[in-house]
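The values are calculated or read from the model by the stated rules, or taken from the named source; none is laboratory data. Bear in mind the structure is a predicted one, so any value in this text is a computation, not a measurement. Note that we place each Cβ from the backbone using ideal geometry, even for glycine, and neighbour counts take in every protein chain shown.
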Amino acid sequence: MIQPTPPRATLTDEPEGLRITIPACRHWGLIVFLGIWLCGWAIGEIAVPLTFLRYAAPWGLRAFILVWLLLWTVIGLSLGYVWIWTVSGREVLLVDGKDLGVSRRSWISGRTRRFPMAEIGGLRVDPMPLYPFFEWWRFTASLWAVTGGHIRFDYAAKTYRLGRGIDEAEAKMVVSRILERFPSLDQES
């Protein structure tokens, strides 16, 4: 018999509102691969500038190395953020009756965005597509924890997506719990 999977999201009723905490997906293959890759990246990040400063090279080669080092640094820092998010990230939603606060927190960062509930409408679950060719960016970005999620709402003239760390069934549970307490979020804005 298959045991039901426990929910990943934690929902708590607090005096200030309904708090939903959603941990990031732990892609263990990605964590191990990026951890090893980032060790190699750090070696290159140190060795290339030391070699660059120690030896004279023609101007064209020096320009190439500088451009390569700049790209290497940007890519490494970006993938370092993905690794940190995958290991320690979590989304925290706080619905308090006047605002929907969305925080994305990890070891190194955390920011909160507040959306006045009067401007929010159409809180819903959005199933991810089966990833046809034209949806490749959406799939890749959600896999690398850059964007995505099954919870969606409209705010003024833009649609926002949340809940990267949960699947569609759990997103339905979260949305129904929010709408139980704050039915006005179901209305189109």
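Taking the range 161-186 as the search range and keeping residues that are over 23 Å from GLU16 (Cβ atoms) and not hydrophobic (A, V, I, L, M, F, W, C), which one is modelled with the lowest pLDDT?
Looking at residues that are over 23 Å from GLU16 (Cβ atoms) and not hydrophobic (A, V, I, L, M, F, W, C), I get ARG164.
Determine if the range 72-86 includes at least one residue that is modelled with pLDDT of 85 or more, touching a strand residue (DSSP E or B) at 6+ places or on another chain (Cβ under 9 Å) and exposed (fewer than 11 other Cβ atoms within 10 Å of the Cβ).
no
Scanning for something within 19 Å of ARG152 (Cβ to Cβ) and either of a type outside the set (Lys, Arg) or at pLDDT below 85 (or both), does the range 37-54 turn up at least one residue? Steps first, please.
Taking the range 37-54 first, the residues within 19 Å of ARG152 (Cβ to Cβ) are none.
Scanning the range 37-54, I find no residue that is within 19 Å of ARG152 (Cβ to Cβ) and either of a type outside the set (Lys, Arg) or at pLDDT below 85 (or both), so the answer is no.
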